[in-house]
Every structure is written in structure tokens, then in C-alpha cells.
Amino acid sequence: MAKLKKPDNEKNSAQMNSHLSAQLSSQLSFEDRLERLELLGEEIKKSDIPLDKAVKAFEEGIVLARTLQKDLEKLEGRVEILMNGAEPQSSQNEKPELSLFDDD
């Protein structure tokens with residue numbers, strides 16, 4: 001069986017949509033992008049969604065997930081720098097105070 005090739009105009013359209021989604025998602029807050037990703041996941045799970053809409057939602061979700069992952073990696077790097085940053089010699093062996101991050 002021969003594989004069906006996606007027409008070039010559809011490939012270009014998908015690439016443009018992906019690029020536009022990435023630009024738009026970078027303008028939204030982390031929380032807004034995460035909420036949008038959750039909504040897309042719920043939409044895809046619906047049994048009555050047309051296939052083309054499901055694929056578009058999936059593509060948008062992938063773009064959002066990648067931007068969120070990049071942001072998380074940047075934040076982790078910042079936290080590492082803060083936790084391992086330059087401290088006086090006497091306090092380098094002490095454990096950091098993490099009570100700020102506790103769920104109360």
C-alpha cells in the first residue's frame with residue numbers, strides 16, 4: 001500500500017499554524033497556557049469531535065506543552081542558581097530554608 005503524501009500547501013499551513021500558536025502562547029501567562037492545554041485535552045477526549053478539529057487541538061497542545069516545558073526548565077535553572085548561589089563559607093553546609101514552598 002502506498003503512503004498518502006500530505007500536499008505541500010497543507011504542510012505549509014500546519015507549519016504556519018504551529019508558528020502562530022507558538023507566538024500567541026508566548027504572550028500568555030504560564031497559568032493561562034496550562035489552562036488552555038488542559039481544555040484542549042478535554043476537547044480531544046470528546047467522542048463527538050471531528051477528526052480535523054481533534055488533530056488541530058492536538059497540534060496546538062503539542063506547541064503549548066513544548067513552550068511550558070521550556071519555561072519550566074528556565075525556572076528550574078533559576079531556582080538552582082538561587083539555591084546553589086554564592087553564600088558565605090559558614091552557611092554553605094547548612095540546609096536551605098524551604099518552608100516558603102510548603103503547602104499549608
Extreme residue, positive dipole direction of the stretch 20-75, given options A57, S29, Q69 (C-beta unit charges): Q69
Relative contact order (percent, whole number), the stretch 20-75, Cα cutoff 8 Å, 6+ residue spacing: 49
Mean Cβ count within 10 Å, highest first, over the residues of peptides 46-55, 64-73: 64-73, 46-55
Estimated FRET transfer efficiency (D32, M83; beta-carbon r; R0 25 Å; 0.05): 0.35
Formal net charge of residues neighbouring E73 (Cβ-Cβ distance under 12 Å; K, R +1; D, E -1): +1
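Bear in mind that the values in this text are calculations on the coordinates, not laboratory data. Every value quoted in this text rests on a predicted model; they were computed, and no experiment measured them. Using ideal geometry, Cβ is built from the backbone for each residue, glycine included, and neighbour counts are taken over all protein chains shown.
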